[in-house]
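Below: the structure, in structure tokens.
The values are calculated or read from the model by the stated rules, or taken from the named source; none is laboratory data. Computed from a predicted model, the values in this text were never measured in an experiment. So basically every Cβ, Gly included, is an ideal-geometry build from the backbone, and we count neighbours across all protein chains shown. Ligands, DNA and RNA are stripped out before the accessible areas are found, and what is left, the full protein with its side chains, is counted by its heavy atoms. Shrake-Rupley method; radii C 1.70, N 1.55, O 1.52, S 1.80 Å.
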Amino acid sequence: MNKIKKGDEVVVITGKDKGRRGKVTQVIATGHLVVEGVNVAKKHQKGNPNAGVAGGIVEQEMPIQFSNVLVWNPKANKGDRVGFKFEGEGEKRQKVRYFKSNQEAVDG
């Protein structure tokens, strides 16, 4: 279970996009993730008339490392570290993510 999942809102804490927030659109197993509107690069794309793809310069979101983002905590109004804890007893026991600053669950 990763600390950051697809669909989480994150804030960038370092780099050229420091302070920007966005939703995670893709999690890559190599310790990277793609965040919408963050780390955008221009790519020169060759056109393909058979596929209906126009050529030119397109903007593409590039991966960013896990260590450069924090999950956004709406109650604290800031980026926050995430930990794991077990809730429930017996067969209902499950692993949940929680914010380290106020001990509240991330998903609920």
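What is the projected area of the convex hull of the Cα atoms of the range 18-108, averaged over all directions, in nm²?
Details: hull surface 37.2 nm².
Reported value for the Cα convex hull: 9.3 nm².
What spacing in nm lies between the two simple spin-label points modelled at residue 95 and residue 40, each 7 Å away from Cα in the Cβ direction?
Distance between the two pseudo-spin positions: 3.6 nm.
If I stretch the segment between residue 28 and residue 53 completely, what's the gain in nm (0.36 nm per residue apart, minus their alpha carbon distance), one decimal? Could the numbers behind the result be given before it?
Values: separation 25, 0.36 × 25 = 9.00 nm, distance 2.61 nm.
Additional length available on full extension: 6.4 nm.
Tell me the per residue accessible area of the chain using a 1.4 Å probe; a whole number in Å² is fine.
Numbers: 7450 Å² over 108 residues.
Value returned for the chain: 69 Å² of accessible area per residue.
At a Förster radius of 25 Å, what calculated FRET efficiency corresponds to the Cβ-Cβ distance of residue 87 and residue 3, to the nearest 0.05? Before the final figure, lay out each step's value.
On the way: r = 17 Å, r/R0 = 0.67.
The pair residue 87/residue 3 has a calculated efficiency of 0.90.
Distance cut-off 23 Å, Cα to Cα: go down the list 18/42; 5/42; 5/46 and report the pairs above it. Let's see the in-between values first.
Values: 18/42 19 Å; 5/42 26 Å; 5/46 33 Å.
The answer is 5/42; 5/46.
With +1 on the Cβ of every Lys and Arg and -1 on the Cβ of every Asp and Glu, and nothing else charged, how large is the dipole of the chain about its Cα centre, in debye rounded to the nearest 20?
Details: 20 positive and 12 negative charges, 51 e Å.
The calculated dipole for the chain is roughly 240 debye.
So what are the ³J(HN,Hα) numbers for the range 82-95, from phi and the Karplus equation (6.51, -1.76, 1.60; θ = phi - 60°), rounded to whole Hz, Gly and Pro as x?
10, x, 10, 8, 9, 10, x, 10, x, 6, 8, 5, 9, 8
Could you calculate the FRET efficiency of residue 104 with residue 60 from 1/(1 + (r/R0)^6), where r is the beta carbon distance between them and R0 is 35 Å, rounded to 0.05?
Working: r = 35 Å, r/R0 = 1.01.
Taking R0 as 35 Å, the efficiency between residue 104 and residue 60 is 0.50.
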